[in-house]
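The values are calculated or read from the model by the stated rules, or taken from the named source; none is laboratory data. Keep in mind that what you see is a predicted model, and the values were worked out from it rather than measured. Cβ placement follows ideal geometry from the backbone for every residue including glycine, while neighbour counts extend to all protein chains displayed.
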């Protein structure tokens, strides 16, 4: 496995992705990610000189609309009713630190 | 128990031969009978469906126009935001989520009188090709319940094959409409990127996600697309639809220029699937189509490109599921950061987490150019090769998947092997072109799909050739 990520790299990735993983999962991701990254390696030696990346496949760029106030079909109360924790019209979260 | 063609269902509802309520009751009854054995459906919208049916029937009674899909029942994949039931993307992360608004596609179908009766099972967040990643159990194949129905729109394809509804809605990010349609012996269309608005559908990979119908035949597929498609202010990547209806088609195979994609006929292709696909190509040739072999040299790279771009985009899209604004939230967390971590770790399943990890890695500082940018550039190479092919042929054909439906559990412990099942479908998503799966025969009793692709925004021609082929295949 040419792309074997270290345990530290896996822990750091999980932290970036806000996933809590245990030691067993670290080992699991080490091997699973390496297999997939090895497969992706086939792109390494492909000659793409003179080519630009494609981010939008139908060629759209900067789709503008008039900047006017529109009535939203979804009311705030319905959205707020979905929140796990709220106080009045605010979403309540745990303390920051 | 099968359904008439959609145009006949509508005709019968408008003439008073049947009622919308009878159609809804029939769908609900078949779901009740068959779902315990196949698990195609994760929830039903019974109350709302019956209310809507009564409304449609009242329009008919008053002599008002009830719409082009009056009284036609359908099932939406569980990642479509729909009223009347939960929208969970078949993930514990969204369990209990009640959509605050509906997807544009469903709004358009409802405006023409169609009625959503249930939500279809899927791989959680559409990650997978077998529905084995659903948090609510696997969907079983209607032709052999020891086998998968395919995925990620496995419940949608199975629901049509089981006769629960005349059509179902799926999403296709890398083959998730076409592959299950192929495994279940039904028609599955992935339209041009942007032809159907993505508004109100749980996002997977925004640059390749496409919505489309799964049906019993091409006529039904065309009429559903006709209603669903078109530009939507709520999705700025949506494109203008054709002015002509998708349901009125110029038939004929004679003189059509068709390329057979050489790269799909390699040793990885099951010989029984190959034989059915080749027989279909011979039918096209016998009816006067001009068949040539076409090489797309970068095609073997498509899956590698796909498995960089898609995890990258989905890891970004799934960051919104943070346990604060809606649905699953871990209550034991002591602070906000821990709340994010615990909610995401417990809410997401193994496959979502695996893909988020890959996506985070390929987008992380120091790797972005080597992986994401490189993949998007190889994507350009692939697009150029397809465009070149479409300079000499109008359509490209081949299999949908290398095998027929595999056994439940056969590939679950080997993520890469599972990913390889997408090898023939991902290119159409990367290139943004329309592609369809049409049932073309059976191999050892299991359905085989035939794939046809064409250039962007040529969806009408794709449906026309599909209909022409269907006429030959069903003779």
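Among the residues examined, residue B:155 does not qualify as farther than 19 Å from residue B:191 by Cβ, in contact (Cβ under 8 Å) with a residue 60 or more places away in the chain and in a loop (DSSP other than H, G, I, E, B). Residue by residue through the range B:31-58, note down the ones that are part of a helix (DSSP H, G or I) and either buried (at least 19 other Cβ atoms within 10 Å of the Cβ) or modelled with pLDDT under 95 (or both). Residues satisfying the conditions are B:31, B:34, B:35, B:38, B:49, B:52, B:53, B:56, B:57. Filtering B:350, B:405, B:401, B:370 for residues that are modelled with pLDDT under 95 and under 24 Å from the mean Cα position of the chain (by Cα) leaves a single hit, B:350. Scanning the range A:1-32 for residues that are assigned to a loop (DSSP other than H, G, I, E, B) and loosely packed, with under 14 Cβ neighbours inside 10 Å yields A:1, A:2, A:4, A:6, A:22. State yes or no: is residue B:327 touching a residue at least 60 places away in the same chain (Cβ under 8 Å), surrounded by 15 or more Cβ atoms within 10 Å (Cβ to Cβ), at positive phi and touching a helix residue (DSSP H, G or I) at 6+ places or on another chain (Cβ under 7 Å)? Yes; evaluated as a whole, the condition is true for this residue.
This table checks each residue for (1) more than 9 Å from chain A (Cβ to nearest Cβ); (2) part of a helix (DSSP H, G or I).
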site	(1), (2)
B:329	no, no
B:339	no, yes
B:346	no, yes
B:353	no, yes
B:362	no, yes
B:387	yes, yes
B:402	yes, no
B:412	yes, no
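Results for (1) more than 21 Å from residue B:428 (Cβ to Cβ); (2) surrounded by 14 or more Cβ atoms within 10 Å (Cβ to Cβ); (3) more than 7 Å from every other protein chain (Cβ to nearest Cβ), shown as yes or no for each residue.
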| site | (1), (2), (3) |
| --- | --- |
| A:34 | yes, yes, yes |
| A:40 | no, yes, no |
| A:46 | no, yes, no |
| A:51 | no, yes, no |
| A:64 | yes, no, yes |
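Tell me which residues, restricted to the range B:106-138, are assigned to a helix (DSSP H, G or I) and closer than 30 Å to residue B:315 by Cβ.
Hits for the range B:106-138 are B:106, B:107, B:124, B:125, B:126.
Against the criterion of being under 30 Å from residue B:125 (Cα atoms) and touching a helix residue (DSSP H, G or I) at 6+ places or on another chain (Cβ under 6 Å), residue B:31 does not qualify. Taking every residue in the range A:72-97 that is within 8 Å of chain B (Cβ to nearest Cβ) and pairing it with any residue that is outside any loop (DSSP other than H, G, I, E, B), at least 6 positions away or on another chain, the pairs with Cβ-Cβ distances below 6 Å are A:83/A:91; A:93/B:336; A:94/B:336; A:94/B:339; A:96/B:336.
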